[in-house]
Amino acid sequence: MSSSDALAVADQVVEEHPGHTNAAAAMADDWGFATTPGSGSLLALLCRWVERLCAVVLALDVAVVFVSVILRYFVHHPVDWAEEVARGLMVMLVFLGGATVLARKQHVQVDFFRALLPAGWQQAAQQTGGWLVAGTAAGLAFSSWLLLEDSVNVVTPMGLPQWLNVLPVFVGALLMTAVGIANAVNGATAVTWLTLLGCLLVGGSVYAWNTQVEAYALQPWGLLVGGFFGGLLAGVPIAFVLALCALLYFIGDPSLPMVIYSQQVMAGMDHFVLLAIPFFVLAGLLMEANGMSSRLIELLVRLFGRVRGSMNLIAILATAFFSGVSGSKLADIAAVGGIVVPAVRRTRQDPAETAAVLAASGVMAETIPPCINMIIMGFVANISIGGLFLAGIVPAAMLALGLATLAVIFGRKVDPDLAFPSRRPVVRLLGGALVALIMVTMIGKGVTSGVATSTEVSAFAVVYALLVGGLTFRELTFKGIARLFVRSASMAAGILFIIAAASSLAFALTILQIPSIISDFMLALAHDYGPVAFMITSVIIMVVFGAVLEGAPALIIFGPLLVPIAVQVGVSPFHFGTVAVIAMGLGLFSPPFGLGLFATCAMTGTRVEEVSRRMVKYLCLLAAMLILIVLVPSISLWLPRTFNMG
C-alpha cells in the first residue's frame, strides 16, 4: 500500500472529527483522473454520483434488515423477501462501489515488490499495472454481459427477475473499465503507450501460441501463476490481482465458458452474512464521528496518564476497545492513532514507538468481536460466527496483557496535562464511555446468545450509533451523516470486492485440485508428526500469505481448505479459526511488506524503517504467545465451552 493510499483510507475515518486532522483531508475529493479536462472530468462527476448512490443503497440495506428484524422478533410477522432484497442491494454496493474505490485509488495494493525493480523500470511497471486493471475489468464486463443474457428469462426464488442482480455487476465492471483506462492514461507519456503496446503484444502472442501450437500450449495454471506474480510486481491492487489470476485461467481453458467467471465473482457476494461487514464499518464510523473515541481516550489518559509507558498503554487499551466497535483494523488504527499520536508528540515521546505499539495492537485485536476477519473466517469455513467471537476473546486478552507489560517496561512517565490542549468535564467523558460500552455489550450479547445473527446485530448497532449516539453527543449533522454513509460504502465495497475476486480464484484452484493436494499433504503431515505440526505449518502459511495477499484473501483461500483438515485431525474449528486469524494478522502487520504496517506508518506520519526496528520486540512476543495458543487449545476454547458452543 502506498503512503497516499493509506492516508486516503485513514481519512475515511478522521476527516469529519475536528480533532483528527490529517494530511489526507486535502485529498478528500481527489480522483485519479479528475485533473484532466473533458471526458476525465465527466467520469469524475459520474463516479461522484455513483458514490452517493452507493451511500443510499447502504442506507436502504440497513433499513431493510432492521425493519425485517423488528417485524420478526417483535411483531412476529417475518418479511420473506427481505433477505433476498438485502443481498441484491449488497451486490449493487460492491460492484458500483468498487468502481468508485478504484477511481479514488483506494483499493489495497502492495508497492513493495515494484519498489524492488530498478528505478528506470518502476514507471513502466506502474503503467503496466494500470492496463492490467483495465483489462481485468473489461474481462469481467464481457463475462457479466454473457451472464446478463443468460439470466433474462430466469427468476429468483422469490419470483424477481434474475437480471436485476446481474445488471449491477455488468454496469460496475463497465465503470471499472472506464476508470481503469482513465487512470492509466492520466498524464500519459511515451511509456504509457509503450506499456499498452507491450501488454497487447504479450496477450496476442500467448493467444496465437496456444491456438497455433496446441501441443505446447501454455497451461491455464501457468497463466494463473504468471498473472499472480506479474500483478504483484506491477503493484496491481490485491482484488484485481486475484480477479486477473482467475480471468487468465478461464481464458486459458477453452472448456470453461467465460460466463462462469462473472458467475463465480458474483457468487462470492451473494451471502446475507457478509452484510455484517458494511454494517459494522458504518457503526464504527458513526461512533467515532460522535466523538466517543476522543472522549474515551481522554478518559484513559486521566486514569492512567501518570503510569509508566502510559501513552502506549492507552493505545493498546483503546485499540482493543474500538475493535469491538468498528470491526475494521484500519478504522481502529486511524481512530486511535489520530488522537493518541498527536498527544504523544505533545508529551515529547517517540511517535515511532507508539506506531509500533499500534501495529502490534492491530494483531492483538484481530480476534476481538466483531472483527471483520472473524466474520469472513466463519463465513468461508462454515463455522459459527458467535462461537468464533467467543473463542477470540481470551487469546486477545492474553496478547493485550503481554503488549501492555512490554509497554510499561520500555515506557516512561509523562505529564498527562500536556496530552490535550483542552480538557473536557469528567461527566462528559464518562458518558461517552458508557454509551460505547452499552453498544459493545449489545453486540456481544446479541451474537453469542443466538438471539440474532451477526448481520442483524450489526444493523441494530448502526441504528443505535445513529440515534443514541447522535442524541447523546449532538455532534452529527445531516451532512456529516451523509458523508459517513459515503465513506462506509466505499470502505465496505473495497473489502467485499476482494472477497468477490477471491471467490473466482478459489473456484479456479478447486478445478486444479489444489484443495485436495493441500489436504493430502497436510493430512500426511498430521499423521506423521501430529496435530501440532499441522497447526504450526498452518500458522506459517497464514503469516506468509497474510502479508502478501492482505488478510481477507488469505482467509478466503485457505480457510475452506484447512478447517476440514483441522477437524479430521482432531483440532476444534474454533481453535483453528482463532489461530489462523491471529497468524494472518501477524503477517499483515509485520515488516518488510505487511500492508497493515505500511498503513499504520502512513496514518501516524512515521517511517517504516524506524517503526520496524522498534516493533521487533512486540512481534517476538506476539509470535511466542501465538505458539502458546497453538499448544494450549483451552485458551481459545474455554469460553465457547462455557457457553456450550464448543
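Rule-based calculations on the coordinates, nothing more; no lab input. Note that the coordinates shown come from a computational prediction; the quantities given were computed from them, not determined experimentally. Cβ coordinates were reconstructed from backbone atoms using ideal geometry, including for glycine residues, and neighbour counts include every protein chain displayed.
Going by neighbour counts of Cβ atoms within 10 Å, the residues Tyr261, Tyr216, Tyr73, Tyr464 line up, fewest first, as Tyr216, Tyr73, Tyr464, Tyr261. Counting beta carbons within 10 Å around each of Ile368, Ile481 and listing the fewest first gives the order Ile481, Ile368. When +1 charges are put on Lys and Arg Cβ atoms and -1 charges on Asp and Glu Cβ atoms, the dipole computed for the stretch 31-270 relative to its Cα centre reaches about 660 debye. When only Cα pairs below 8 angstrom with a gap of at least 6 residues are kept, the chain shows a relative contact order of 19 percent.
Here's the picture: charge each Lys and Arg Cβ at +1 and each Asp and Glu Cβ at -1 in the chain, and of Ile517, Ala400, Val154 the one pushed furthest to the positive end of that dipole is Ala400.
Sort the following peptides by mean Cβ neighbour count (other Cβ atoms within 10 Å, averaged over residues), highest first: 577-587, 61-71.
On the way: 577-587: 28.6, 61-71: 19.7.
Packing proxy ranking, top to bottom: 577-587, 61-71.
Per-residue Cβ neighbour counts within 10 Å put His76, His271 in the sequence His76, His271, beginning with the fewest.
Say the dipole of the chain comes from +1 at the beta carbon of Lys and Arg and -1 at that of Asp and Glu; which of Thr367, Phe228, Ala506 then lies farthest toward its positive end? Going by the Cα projections, it comes out as Thr367.
Summary of the geometry: the stretch 588-646 and the stretch 432-497, compared by the centres of their Cα atoms, lie 26 Å apart. Please state the shape class of the stretch 313-404: rounded when a/c is under 1.5, otherwise prolate if a/b exceeds b/c and oblate if not, all from the C-alpha gyration tensor. Verdict is prolate for the stretch 313-404.
A Cβ-based charge dipole, computed about the Cα centre of the stretch 70-157 with Lys and Arg at +1 and Asp and Glu at -1, lands at about 420 debye.
Using a simple charge model, +1 on the beta-carbon of Lys and Arg, -1 on the beta-carbon of Asp and Glu, nothing else, what dipole does the chain show about its Cα centre, in debye to the nearest 20? Don't skip to the end; give the middle numbers.
Values: 30 positive and 32 negative charges, 426 e Å.
About 2040 debye.
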